[in-house]
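Engineer: Questions regarding the structure given below will be posed in turn.
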Amino acid sequence: MPQFAVYRNRNEATRGRFPLLLDVQSDLLEPLSTRVVVPLSPLKSARERIIQQLAPVLTIDGERYVMLTPQLAGISTRELGRSIANLTAERATIISALDLLITGI
């Protein structure tokens with residue numbers, strides 16, 4: 001499960017609002033049975049307005065999604081399934097959002 005892989009949200013209760021999940025956990029922690037993910041919400045249906053650096057817009061298969069960094073969560077690896085995209089090219093943007101959330105800078 002590579003860092004920055006994107007997965008379809010398999011949870012029926014939250015899939016409508018957060019159809020995709022972005023894995024932000026380091027590959028060094030692969031043996032753990034959980035991964036830290038950030039939900040991605042379609043830009044066109046995003047409900048809240050958040051600081052752009054904290055909630056950057058990422059493009060996946062031509063669709064724009066908001067990275068809802070403040071809503072990061074741990075999830076069992078069994079619930080992730082097969083990845084559908086990889087956002088390694090957006091590493092700097094993703095890490096910047098996580099840094100702002102954790103350190104405030």
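Bear in mind these aren't lab numbers, they're just calculated from the coordinates by the rules spelled out. Note that the coordinates shown come from a computational prediction; the quantities given were computed from them, not determined experimentally. Cβ sites come from the backbone with ideal geometry, for glycine too, and all protein chains shown count toward neighbours.
Engineer: Need the failing condition index for I105 against (1) outside any loop (DSSP other than H, G, I, E, B); (2) loosely packed, with under 12 Cβ neighbours inside 10 Å, just the number.
Structural biologist: Going through the list (1) outside any loop (DSSP other than H, G, I, E, B); (2) loosely packed, with under 12 Cβ neighbours inside 10 Å, I105 breaks only (1).
Yes/no matrix, rows are residues, columns are (1) among the hydrophobic types (A, V, I, L, M, F, W, C); (2) touching a strand residue (DSSP E or B) at 6+ places or on another chain (Cβ under 6 Å); (3) more than 14 Å from L72 (Cα to Cα):
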{"position": "P2", "(1), (2), (3)": "no, no, yes"}
{"position": "N11", "(1), (2), (3)": "no, no, yes"}
{"position": "T14", "(1), (2), (3)": "no, no, no"}
{"position": "F18", "(1), (2), (3)": "yes, yes, no"}
{"position": "D23", "(1), (2), (3)": "no, yes, no"}
{"position": "L32", "(1), (2), (3)": "yes, no, yes"}
{"position": "L40", "(1), (2), (3)": "yes, yes, no"}
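Engineer: State whether one or more residues within region 7-22 are closer than 22 Å to I105 by Cα and either within 10 Å of the chain's Cα centre (by Cα) or not in a loop (DSSP other than H, G, I, E, B) (or both).
Structural biologist: yes
Engineer: Which residues, taken from region 38-72, are surrounded by 13 or more Cβ atoms within 10 Å (Cβ to Cβ), closer than 14 Å to L101 by Cα and not hydroxyl-bearing (S, T, Y)?
Structural biologist: Once the filter is applied, which keeps residues that are surrounded by 13 or more Cβ atoms within 10 Å (Cβ to Cβ), closer than 14 Å to L101 by Cα and not hydroxyl-bearing (S, T, Y), region 38-72 yields V38, I50, Q53, L54, A55, P56, M67, L68, P70, Q71, L72.
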